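Structure first, commentary second.
The values are calculated or read from the model by the stated rules, or taken from the named source; none is laboratory data. Just so we're clear, the structure is a prediction, and the values are computed from it rather than from any experiment. Here Cβ is always computed from backbone atoms with ideal geometry, including for glycine, and neighbour counts include all displayed protein chains. To get the accessible areas, we keep the full protein, side chains included, count just its heavy atoms, and leave off ligands, DNA and RNA. Shrake-Rupley method; radii C 1.70, N 1.55, O 1.52, S 1.80 Å.
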There are 6 protein chains.
Amino acid sequence: MKISLLVLVVEDDYFIKELAVEALSEGGFEPQAVASGEEACALLQEDHHKYRALATDIHLQGELTGWDVARQARELSLDMPVVYMTGDGADQWPSQGVPNSILLTKPFAPAQLVTAVSSLLNAAAPIASTE
Amino acid sequence: MKISLLVLVVEDDYFIKELAVEALSEGGFEPQAVASGEEACALLQEDHHKYRALATDIHLQGELTGWDVARQARELSLDMPVVYMTGDGADQWPSQGVPNSILLTKPFAPAQLVTAVSSLLNAAAPIASTE
Amino acid sequence: MKISLLVLVVEDDYFIKELAVEALSEGGFEPQAVASGEEACALLQEDHHKYRALATDIHLQGELTGWDVARQARELSLDMPVVYMTGDGADQWPSQGVPNSILLTKPFAPAQLVTAVSSLLNAAAPIASTE
Amino acid sequence: MKISLLVLVVEDDYFIKELAVEALSEGGFEPQAVASGEEACALLQEDHHKYRALATDIHLQGELTGWDVARQARELSLDMPVVYMTGDGADQWPSQGVPNSILLTKPFAPAQLVTAVSSLLNAAAPIASTE
Amino acid sequence: MKISLLVLVVEDDYFIKELAVEALSEGGFEPQAVASGEEACALLQEDHHKYRALATDIHLQGELTGWDVARQARELSLDMPVVYMTGDGADQWPSQGVPNSILLTKPFAPAQLVTAVSSLLNAAAPIASTE
Amino acid sequence: MKISLLVLVVEDDYFIKELAVEALSEGGFEPQAVASGEEACALLQEDHHKYRALATDIHLQGELTGWDVARQARELSLDMPVVYMTGDGADQWPSQGVPNSILLTKPFAPAQLVTAVSSLLNAAAPIASTE
């Protein structure tokens, strides 16, 4: 059982990061922003149970891309909601994205991010096996 | 034709009730909160046409659970949008929930509730028979 | 891991039962037909792991209805695909059906049953928690 | 309550018509084929209750196109499942198609048509108002 | 690549127009409101690339209805998100609406409009052909 | 415009390969089976336009897995329908699968494969940009 509303935001563009953090906060989530995929993966490996969703840029400063971060997140947590935010990586989503993810093309409205995260969380059916 | 934006909220936890009422109000809905399933069913039987959606907790103080309230609502109004809000009843949703409902696991963000109610309302296709 | 393709068919009308069994067999499934909800529940309680899906009539000869059988199946197996087959119980589906189920109105074509069972199985995402 | 499994097929290409009729028959439907939109509309106006679904070509010999036939069908029966079959009209679907329809691009496999009709029928929720 | 967040709003009722403009603005979109279908079509023909989505009333003052405006928008831009807002045209949606559109029945909550526009934008998969 | 009904099947288990080929053939598709990811990628690189869909096993004899083949296919053709067939790789799908793909857990019924391929083809909206 997750007991927080933490959303991990991975974004190295200051403006977009602020927009995402503010939008998610207004929606009632608790955004935690980092600027690189390496930081994001370290946090997830430390305790992925803390995070209810991931919102990540594609092109980041370090070695890891947003595609990498999302795969890592899903290896740790099979049903982690994933939202990609990108300016020009949209054509890679069909080959590099994970299933049941949403891609937002920049510029996007704050409401799109909140709706994306909310929709993915709301669609996550409680079907963990009883066995 | 429904002419109001009333959403019936059934919740006996004061904090969650306030959160739900505030979130729905900010989204432009008109929440009406009651604390028991018995009160909810009485209101629905009196005039279920008034309500556009139902958001209900599972474990309530009286005899009736949220599962019961939702079934009652759907018997009266076949296309009533239903959102369940629960801390520990998620495993019962696959057997006790009604079709085309959404279950929110507590804690949830206010935006999740607003998105859930909005999505269910928006998906309700106007296909009442012409005959 | 399920290792068979058994589909439990609950139907007391001989003609519909034969149609369902033949359709599922042609689709490559292994239908096992019983005529009452009591028999169906006994089989599920004995070993629900054997069954990949449930297809059930609503009005049955014994005490139990198809609504009851489906709830029982989902209590034992949270992600059991459920297809209802009914002549006149369709109006009860919104209040009595389980989430993510499909209702076929009689008469239905064999292809509808095969498509319904296949679609529900194919949509079952492999997201059982790794933890 | 529909009591037949009639699917109205509108197609003036002999080969495609035969393919559609055979595929639907094998799926257990009862295809009734006509070659023009005028004939199709006459049949629908006479008794649209008889038909469970419509599968129509776009470019037809008379004045009416498949887009016209589908609109006519939906005016008479709000929830009529509609499948378009076309070789080169796909780009018009976003502007000329009706909601909740499926477009098959020729050539298509017989299984695609059967799956399309079955899926649309299976998705038709029984939510005709009780009032 | 769209570089703005313009949403074209077509509405001749002052109250609904204001509600829509305010709701979309709060969601972070840039609504541009016009009162007739003729104005809307002129703007779209001039530069439809500017608009990320269309939200239109059905009954308008000029010759053109909202159904017409949406078809025009989709002819120019195949994947334009379309939201209809109507008091009494809902029964025409199954025959007159475009595929993958959403119809909001008046009165609707501001959150419904924002969720509708956001959901349609978020669902638009980036699958424009690479060829 | 695709002019064939070729489905590329990648499977090194003889029994499953035969089952897939027979099922797809009966559904009216034209299966072309290869046993390794290397062969599949060579065919796709040579002329990916020939193929309407990909159905691939995960664990293959060569260096490439089914996850690799699907990514390669989607890089060449953004909207290629992808079906994975696997006995024990299901837990990797959330992190290694591509968006809008379907995973079939072995054993699966022939009808599941045909329904999966048909559903993905039927859902592919014709929204390639007109510009």
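Worth a mention:
- Taking the numbered list (1) at pLDDT below 95; (2) under 16 Å from B:F108 (Cα atoms); (3) within 14 Å of chain E (Cβ to nearest Cβ) in turn, A:A90 passes all entries but (2).
- Residues in the stretch D:72-83 include at least one that is within 14 Å of chain F (Cβ to nearest Cβ) and among the aliphatic types (A, V, I, L, M).
- Qualifying residue in the stretch E:69-82 (condition: part of a helix (DSSP H, G or I), of a type in the set (S, T, N, Q) and surrounded by 24 or more Cβ atoms within 10 Å (Cβ to Cβ)): no
- Just so you know, in the stretch D:106-118 the residues that are facing chain F (nearest Cβ under 7 Å) and open to solvent by 30 Å² or more (accessible area, probe 1.4 Å) include one that is modelled with the highest pLDDT, and it is D:P110.
- In the stretch A:87-116, the residues that are touching a residue at least 40 places away in the same chain (Cβ under 8 Å) form Cβ pairs under 8 Å with partners that are part of a loop (DSSP other than H, G, I, E, B), at six or more places apart or across chains, as follows: A:K106/A:G87; A:P110/E:G27; A:P110/E:G28; A:A111/E:G27; A:A111/E:G28; A:A111/E:F29; A:V114/A:G27; A:V114/A:F29.
- Taking the stretch C:2-61 and the strands (runs of 3 or more DSSP E) fully enclosed by it, the elements with 3 or more residues that are open to solvent by less than 10 Å² (accessible area, probe 1.4 Å) and either within 21 Å of C:L76 (Cα to Cα) or within 14 Å of chain F (Cβ to nearest Cβ) (or both) are at C:6-10, C:51-57.
- Criterion violated by C:P99 - all others in (1) at pLDDT 95 or above; (2) assigned to a loop (DSSP other than H, G, I, E, B); (3) facing chain D (nearest Cβ under 9 Å) satisfied: (3)
- The conditions of being hydrophobic (A, V, I, L, M, F, W, C), touching a Lys or Arg at 6+ places or on another chain (Cβ under 8 Å) and within 7 Å of another protein chain (Cβ to nearest Cβ) are met by E:L121.
- For the stretch C:61-77, the set of residues classified as modelled with pLDDT under 95 and either of a type in the set (D, E, K, R) or touching a helix residue (DSSP H, G or I) at 6+ places or on another chain (Cβ under 7 Å) (or both) consists of C:G62 only.
- Failed item, numbered, when B:E18 is tested on (1) touching a residue at least 24 places away in the same chain (Cβ under 8 Å); (2) more than 25 Å from E:A90 (Cβ to Cβ): (1)
- Residue in the stretch B:36-50 that is under 22 Å from A:N122 (Cα atoms) and of a type in the set (S, T, Y) present: no
- The lone criterion from (1) part of a loop (DSSP other than H, G, I, E, B); (2) of a type in the set (A, V, I, L, M); (3) under 25 Å from C:T115 (Cα atoms) left unmet by D:L64 is number (3).
- Taking the criterion of being open to solvent by 10 Å² or more (accessible area, probe 1.4 Å) and in a helix (DSSP H, G or I), the residues of the stretch D:83-96 that qualify are D:A90, D:D91, D:Q92, D:W93, D:Q96.
- Selection from the stretch A:38-53 of residues that are among the small types (G, A, S) and over 10 Å from A:L6 (Cβ atoms): A:A40, A:A42
- Checking the stretch E:1-10 against the condition returns no match, with no residue being of a type outside the set (A, V, I, L, M, F, W, C) and within 14 Å of the chain's Cα centre (by Cα).
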